[in-house]
Structures are given as structure tokens and as C-alpha cells.
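Any read-out appearing in this document is the output of simple, stated calculations on the displayed coordinates, not a laboratory observation. Quick caveat: nothing in here was measured; it's all calculated off a predicted structure. For neighbour counting, all protein chains shown are included, and Cβ atoms are generated from backbone atoms with ideal geometry for every residue, glycine included.
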Amino acid sequence: MEPMDYHVEAVGRSGINLVTRSGGMAILLGRFVLTLKDIPRSLHIIFEQFYAIGVRSLPLIIVISVFVGAVSAWQAAYQFKFIGAPLRLLGSAVGKAVVIELAPVLSALVFAGRVGAGIAAELGTMRVTEQIDALESLGIDPVRYLVLPRMLACIFMVPMLVIFANFIAVMGALAVSIVGVNISSETFLNGYRSSFQISDFLNGMIKAGVFGLLIGLVGCYEGFTTTGGAEGVGRATTVSVVIASVLILIFNFFFAVLLFRI
Amino acid sequence: MPLIQVDNLTKRFGPQTVLDGVTLKIERGESVVIIGQSGTGKSVFLKHLNRLLTPDSGRVLFDDHDLATLNRDQLTAARQRMAMVFQSAALLDSMTVGENVGLGLKEARGMAASEIGSIVEECLELVGLAGTGEKMPSELSGGMRKRVGLARAIANKPEVVLYDEPTTGLDPVTAETINELIVALNERVSATSIAVTHDMNSAFRIGRRIVMLHRGKIVFDGTPQEIQATVDPTVRQFIEGRATGPLTVNP
């Protein structure tokens, strides 16, 4: 094979792969929507996942939020000093950044690493050890039993975690502003209050919900389509984190354009 | 009308044709064992009978309904009339033994917990594992896991039980225990049973009809007495376990 043929073949294979994956995820999303009618009889497994996926992610979200808030206050103060902006605006700048961008995006990226990878690994292991086949052979729809609870948990728990992240990050920023930047809590909070808009908060929640859907969908799809034993499970786990993270950043750009008009 | 009818079933994975026009009818109450070398398509064939796999061409009829044309609800209903015992047992490792056995009753049939508890205990007792309901699958030996798989299969009182290599990987004593269990359970629940195996001892113990697959085609279909009397060199080599003859080791 000529080197050029090799490159053309590689591009073709990547294209087929992309179309196959996109189609597969669209079909899985459709099947998820169809199983929404089964929510009442699946509440026990849904709440289990809300706990496993949401509540257990809280400590990690708290830790990253403290430092995200802290570093954003420090960096903002540094920039203010550089351009000569008054420090009374620090709360305003940090608050906006946290609510609109930092809390939803960073929480979603961390969630993709913790939960998306976990879903892909768990379902991937179930696929290669025939546990998903066993569910089907018992007359249990694996989309209802496995995908529905995980995707609902991701869709609802990412926004819940972002609410915590917003609060904790602002507290982190406040602490750094008082201790490191030497402004009073009153000055910081007045600045924060003056620029706070409920629409920013709600748009952040919408973004977080969509990011949760993407994380759940990608994790479930990669897990469901795992082949090749332990190596395949490892590959599915890595791929799910990479795809979910890239999709979060791409969707975040389009949300910025659509929701936050200049 | 046969309970299961397979017409001209063909299945390919990439360039490899695994099943090549297989046709087979299985009557209600029959106990059929499908034998053949490793990699000859036995498990692939079995997974077509409850549509875990779909044919590339041909069709599989269950109770006169083409499985490929059933919608999701109809397929679920058909699958609830069957049960499958997997080669690896395929127990859900996040659940206890009892939860595994009662899973189909709870999630597919929506039975109450009190009802499920007594059925689970009864099924575990039938496979000689009474009192193990609270254990996790990781605490069990390979033979015990297979028996839990059997208990899970019969808990739903299926009309058809599909066994995928039920004795593979077990020591001879445990394998014989599993064979005895399969025979006893088939009689007890009056199910149609279809087992795939390359263990001839198991095949003669549990089968009233033996079908041999070779290179994706059926090369023998008869009773245990007929297979023992056959002069077909391929079949003879397989049942006698000889290294030399028309059969070669699959690459």
C-alpha cells in the first residue's frame, strides 16, 4: 500500500467511526427517551444511582470548588492591579466567572472524569462478562435497567452539584479576598450582589444539565459497545472521558454564543 | 408445529462465516445437545435462539413467531418464556446470590419481595445452595456460580432453557453434579432444553438428541445411540477425542 493510500484509508476509517458513534449515541438517546415512561417502576434503581453518582461526587466537587474560587479571586486581583481596576469590583468579576463558566464547566469536566469513566468501566465490564446478555435473557431491558437510572442521575445531579460548586467557589474567593487581597467581606459581597443576575445562574443550570446528559450518554454508549475484555474496558473508559470532555467544551462555546448575548 | 424452528441461519463476523445455513427444528419437551469443536459457532447459534444475536440471513421462529420481527415488548415477553445459563454464569457481581436469582422475578415480572423470597430459597435449595442467598458471587467457587446461574434460570419457570457450555472449566465431580442437576431440573420444570457443549460425557448424560456443528453446518443429527454407532469419520473423531482425522484444530 502506498503511503498516500494509507492516509486516505485512515481518514476514511475515522470518518466511519465518527458516523457510527454519533448514530449509535443518537439511537441510545432515543431508546433512553422511550424508557422515560418506565420511571415509576424504576424509582428504586434511579435513587440508587442518584446517591452513587451525585452524593458521592460531592466531596470532590467541594475540594475543587474551594480552589477554583480561590485562584480566580487571586488571578482577578492580579489582573486588576495590572490594569488599575478598583478592587471593589473583585466580587462582581469573580461571581460572574464562577456562576457562568467556572462552576458548570469545571464541575462537568471533573464529573466526566469521575462518573463518566465509572459508568463506562462498569457497563463495559458487564458487557464483556455477559452480564448485560444475562439481563436481556431474563426479559429485562438493559436500557431501562442500566441506562435510564444513570442518565437521569447525571442530568439532575450535575446541576445540583453546580449549585454547591457556585456557593463553595464564592466562599473560596471570599476567603482569599479577605486574607490575601486585603479587602473586606462587605466590599467583596457588595460587588458580588451588584452583578448577580438570576438569568446567569439559570443559564448555568441549563448548561450543567446538558453536560450531565452528554456525560451519561457517552459513558453508557462506550460501556454498552465495549468489546475485547479487560483491554476493551480500559479503552472504553479512556475514550468516554476524552469524548465527554471535548463535547463539554464544544457545547460550552455554543451555549456562550446562544445564551450570553454580547 | 415445532417450538423452535431455525431456517437457513447464516451469521458472519467480518470475513468469517460462523453459521452457514443452519436449519433445525426443536419440538416442545425435547432435550437437545449441540456439540462441536471450540470456535465452530455453537454459542453463536444458541444466542440466536433468544435474539441476543440477530441473523445475517435466515430466520429463527419461536412458537411460530419470527424473533427478528418482534417489537421490544413482544421480544421481552418471548424472552420471559426462556432462560439462559451462561458459560461464565454471568451473575451480576454487584448483587447478592439471592438478588441474582430473584432478579427476573422482580424486574421483569414485577413480583412482590415476599413472594420472591420464598421462590429464591426454593430454587437455591433445588441446586443444593440453600442458605447462600446473602453471599456475593465473588465468594463462590466456579461450580457454585454455575449452580446459582441454574437457579436464576429456573426461578422464572421457563418453557425453554438454553445452556451455554454448562460444565466447561469444572472438575469431573462438579461437572457430573451439574449434569445431574440439569437432568433433574429438566424433568422437574418440564422444560425444553438446548445445551451446547464439547464435553461428550455431558452430552450423553443430558441429551436425548445430539446435533453436531462443524464449520457452521450441521453434520450430524440423531440420538445418543445413533451417534455412538455412526461411521462418519468427522463425528467419530470428535466423540472419541482423537487428535488425528478429518477434524483439525481451529486456528
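Here are the numbers:
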read-out	value
Packing-based exposure ordering (other Cβ within 10 Å, fewest first) of A:Thr227, B:Thr132	A:Thr227, B:Thr132
Distance-filtered residues of segment A:1-39 - backbone nitrogen under 15 Å, label point 7 angstrom along B:Arg12 Cα→Cβ	none
Positive-end residue of B:Gln225, B:Gly110, B:Val235, charge dipole of segment B:93-251 with Cβ unit charges	B:Val235
Over segment B:8-136: Kirkwood hydrodynamic radius from C-alpha pairwise inverse distances, Å	17.1
Where labels lie 7 Å past Cα in the beta-carbon direction, separation of B:Arg242 and A:Ser14 in nm	5.6
Folded to 0 to 90 degrees: helix A:185-195 orientation relative to chain A principal axis, Cα	60
Inter-site label distance for A:Arg88 and A:Phe253 at 7 Å from Cα along Cβ, in nm	3.9
Contour excess over end-to-end distance, with Cα ends at B:Glu121 and B:Lys135 and 0.36 nm allotted per residue	3.7 nm
For segment B:82-194: rounded, prolate or oblate by the Cα gyration tensor [a/c cutoff 1.5]	oblate
Directionally averaged shadow of the protein assembly as shown, computed from the convex hull of its alpha-carbon atoms, nm²	31.4
Potential extension, B:Arg215-B:Asn71 segment - 0.36 nm per residue separation minus Cα distance	48.6 nm
Assigned charges on the beta-carbon of Lys, Arg, Asp, Glu; chain B dipole about Cα centre (debye)	540
Simple Cβ-charge dipole of segment A:169-262, Lys/Arg +1 and Asp/Glu -1, about Cα centre, in debye nearest 20	180
Amide hydrogen neighbours beyond the local backbone of B:Met84, cut-off 5 Å, H modeled	B:Leu162
With 5 Å bins from 0: P(r) over chain B, alpha-carbon pairs, percent	1, 6, 13, 17, 19, 17, 13, 8, 4, 1, 0, 0
Computed [θ] at 222 nm, deg cm²/dmol, chain B (DSSP H ≥ 4; -39,500 (n - 2.57); rounded to nearest 500)	-10500 deg cm²/dmol
Derived scalar couplings ³J(HN,Hα) [segment A:213-228; Karplus, 6.51 cos²θ - 1.76 cosθ + 1.60; whole Hz; x for Gly, Pro]	4, 4, 5, x, 4, 5, x, 5, 5, 5, x, 5, 9, 5, 9, x
Helix-only mean residue ellipticity at 222 nm for chain A, each DSSP H run of n ≥ 4 adding -39500 (n - 2.57), per residue, nearest 500	-26000 deg cm²/dmol
Label point distance in nm, A:Leu36-A:Ser22, each placed 7 Å from Cα along Cα→Cβ	2.4
Cα-Cα pairs of segment A:53-146 separated by more than 23 Å (percent)	50
At most 12 other Cβ within 10 Å, DSSP loop - trypsin sites (Lys or Arg not before Pro), segment B:170-251	B:Arg242
Translational D in µm²/s for chain A (Stokes-Einstein at 4 °C, 1.567 mPa s, Kirkwood Rh from C-alpha pairs)	64
Chain A, dipole about Cα centre (Lys/Arg Cβ +1, Asp/Glu Cβ -1), debye to the nearest 20	860
Positive-end residue of A:Trp74, A:Ser57, A:Ala117, charge dipole of segment A:28-143 with Cβ unit charges	A:Trp74
Sorted by Cβ neighbour density within 10 Å, fewest at the top, the residues B:Lys135, B:Lys146, B:Lys106	B:Lys135, B:Lys106, B:Lys146
Residue among A:Phe156, A:Ala10, A:Leu138 farthest towards the positive dipole end of chain A, charges placed on Cβ	A:Phe156
Amide H contacts under 5 Å for B:Gly21, placed H, 5+ residues apart	B:Leu9, B:Thr10, B:Lys11
Charge context of A:Ala103, other residues only, Cβ under 15 angstrom, K/R +1, D/E -1	0
Extension gain (nm, one decimal) between A:Lys81 and A:Val63, 0.36 nm per residue minus Cα-Cα	3.7 nm
Hull-based mean projected area of segment B:145-188, where the convex hull spans the alpha carbons, in square nanometres	2.9
Computed E for A:Val179/B:Asp171 - FRET, C-beta separation, R0 60 angstrom, nearest 0.05	0.30
